[in-house]
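Reading through the structure tokens given below for one structure.
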Amino acid sequence: MKKTPDYDNVFKTMKMKHKRLFISVINDVFKKNYPMNAKVEVLPSEGYLTENETEDGSKEIEEQISDFLIKIGGEVYLLECQSYDDGSMAIRIAEYAFIVARQFAAWDIGHAVIPMPQFSVIYIKKTDKTPKATTITFQFPDGQTVDYVSENVIIENLTREHIIEKRLFPYIPFYIARYEQAVSSEGVVNQAVEDLIYFRDEMLRLHQESELSALEMTDLMGFVNTIITHITNGNKNEERLVSIMGGTVIETESDKIKIQLIVELGQEDGLDDAAILKRMQEKIIGLPAKRAEAYLEKYRKQPEKII
């Protein structure tokens, strides 16, 4: 995911802290039936180098890293999360897939088997150009062609009821993106409020029924608020929408202790506020800038007064 660090941070944090929640996504997208206690292995996202053109027309080499490689049993799945349409998505999927396939390839003299992973692109937002599927066509010198194709997931097309019914918890934080225009422009947000209340109540219910742990529920609510603060950027809708989830951002008790240490050690090292804030957001993935600034003020050691 590019150019949207808060969306990206939420997705990365979920895959690191709550990989179990992606089992239902795999089941829904790829028509599987893994139990929610299945062993899930997150594979290293090895990057590849690609040449990109900069604004001044020059070329630069940039490492691209796939969003999520997950292995359940003997199957490998590649999930890419996109906030917008990207014309290079198909070729990037092909490159990611070959990197994965190489890790699991089998070969002997004169023969190699390259198992391509199953993949899907998850689009947070939708435009008229958002494709329903991603297709990669392999064309061989003899004219033979093979289509490598997968249906895309377009979160904006999913109802809130479907997301809860199928337990597609990783989609919940991004649901609010469908109201981005109204939310960011301080327009009418009644429907967004209604949907957020629905998700809050359903997550509380599923927690009470032991389908969501306390940490999973709390973090999901925090992820929702991270996206809200990204979209509202401090406008009048922010407080109203954030309050629905209880004002929670991505912050467990261990995170708060870590933040306090970052602030105190940063001051001891003589770092300025900007450097401390940067370090804080690097260490606590998904922490919004305004929240980081509030913690800096809270934990900052004031200089002793000289009498």
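Structural remarks
- Percentage relative contact order, segment 109-265, counting C-alpha pairs under 8 Å, at least six apart: 18 percent
- Once both labels are positioned 7 Å from their Cα atoms along Cα-to-Cβ, the gap between I91 and K17 label points is 3.7 nm.
- Across the protein chains, with a 1.4 Å probe defining accessible surface, the residues K126, K290 rank K290, K126 from largest area downward.
- Between 0 and 90°, nearest 10: helix 89-104 axis offset from the chain longest Cα axis: 80 degrees
- Largest to smallest principal axis extent of the C-alpha atoms in segment 78-224, angstrom: 61, 37, 21
- Sorting 222-228, 74-80, 166-172, 200-206 by average packing, meaning the other beta carbons within 10 Å per residue, from highest down gives 222-228, 166-172, 74-80, 200-206.
- Averaged over its residues, the chain has an accessible area of 54 Å² per residue, based on protein heavy atoms and a 1.4 Å probe.
- Dipole moment magnitude, nearest 20 debye, the chain about Cα centre, only Lys, Arg, Asp, Glu C-beta charged: 760 debye
- Rounded to 10°, Cα long-axis angle of helix 5-17 versus longest principal axis of the chain: 80 degrees
- Inverse mean reciprocal Cα-Cα distance (Kirkwood Rh) of segment 161-234, Å: 12.7 Å
- Here the label points at Q118 and L215, each 7 Å from Cα along the C-beta direction, are separated by 2.8 nm in the simple model.
- Value of relative contact order over the chain, rounded to a whole percent, pairs C-alpha under 8 Å and six or more apart: 14 percent
- Answer label, with mean projected area of the Cα convex hull in nm² calculated from the coordinates and candidates [x] 17.5; [y] 22.2; [z] 19.4: [y]
- For segment 91-176: Kirkwood Rh in Å [reciprocal of mean 1/r, alpha carbons]: 15.6 Å
- Note on A105 and K283: the extension gain reaches 60.5 nm, defined as 0.36 nm multiplied by sequence separation minus the Cα-Cα distance.
The values are calculated or read from the model by the stated rules, or taken from the named source; none is laboratory data. It should be emphasised that the depicted structure is a prediction, and the values quoted were computed from it without experimental measurement. Cβ atoms come from the backbone with ideal geometry, glycine included; neighbour counts cover every protein chain shown. Side chains are part of the model used for accessible areas, which takes the heavy atoms of the whole protein and leaves out ligands, DNA and RNA. Shrake-Rupley method; radii C 1.70, N 1.55, O 1.52, S 1.80 Å.
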